[in-house]
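Worksheet: the structure to be examined is printed underneath.
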Amino acid sequence: MTDWPLALVPSYGLGLIAATTFLSCLALPIPASVIMLAAGGFSAAGDLDLAQVVLAALAGAVAGDQLGYALGRWGGARLVDRMAQSAKRGAVIAKAQAVMQARGGVAVFLTRWLFSPLGPYVNLIAGAARQGWLGFTLWAAAGEAVWCGLYVGIGRGFAGNLSAASDLLGSVLGLVASLAAVGLLGWALVVLARQDRVRP
């Protein structure tokens, strides 16, 4: 990735941060995480206010989630089916549907920050499935708060080294995802073992 998007952060500030998180929640290939890391670095240098950066990122992300949910509600299953015709998107949508069916609100929360590539598709699926708006909004906002706070905070902590911040986040999120997968597998095995004991 070139440095020009990062150079825009101090010039366009909060509007750029909100726009990038908004567009990324609509599945557009926008480097929102990198922009938030950079904005955190600029806040450490005193060029941007930390609280304002987090709030701008959060406002954009919540607005993007709301639009995705509304599109799913209005367009419903037809919109999801049309998007799934692409092989690449079809695989992501299938994963998002499986996560939503298994976990509901928790899936909305986790796909904001831990499994973020699924997030925009979970928004559409939640709307198409008529998941309650208030529950969706609360879970989504909580997850976006983790995403924005995590990336801006790490960017602030690694103000002089964006590459190190990005590497650290990748490692931490990979570890958390692996632990979550192991935990879910262990839980599934326990449930299966209990079912076997109950059978005559």
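None of the figures in this text is laboratory data; all of them are computed from the coordinates on show. All of these numbers come straight from a predicted model, not from anything done at the bench. A quick note on method: Cβ atoms are made from the backbone with ideal geometry, for glycine too, and the neighbour counts reach across all protein chains shown.
Structure summary
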quantity: From the options 64, 90, 46, residue that is crowded, with 20+ Cβ neighbours inside 10 Å and either at positive phi or out of contact with any Pro (no Cβ under 6 Å at 6 or more places or on another chain) (or both); calculated: 64
quantity: Failed condition for residue 41, given (1) of a type outside the set (Ser, Thr, Tyr); (2) buried (at least 22 other Cβ atoms within 10 Å of the Cβ); (3) under 24 Å from residue 158 (Cβ atoms); (4) within 20 Å of the chain's Cα centre (by Cα); calculated: (4)
quantity: Counted residues, region 99-144 - those being in contact (Cβ under 8 Å) with a residue 40 or more places away in the chain and of a type in the set (Val, Ile, Thr); calculated: 2
quantity: Condition broken by residue 130, with the remaining ones in (1) in a helix (DSSP H, G or I); (2) more than 15 Å from the chain's Cα centre (by Cα) satisfied; calculated: (1)
quantity: Qualifying position, being in contact (Cβ under 8 Å) with a residue 24 or more places away in the chain, closer than 20 Å to residue 110 by Cβ and surrounded by fewer than 23 Cβ atoms within 10 Å (Cβ to Cβ), among 14, 79, 26, 71; calculated: 26
quantity: Criterion (surrounded by 15 or more Cβ atoms within 10 Å (Cβ to Cβ) and either β-branched (Val, Ile, Thr) or under 30 Å from residue 159 (Cα atoms) (or both)) met by exactly one of 96, 51, 84, 56; calculated: 56
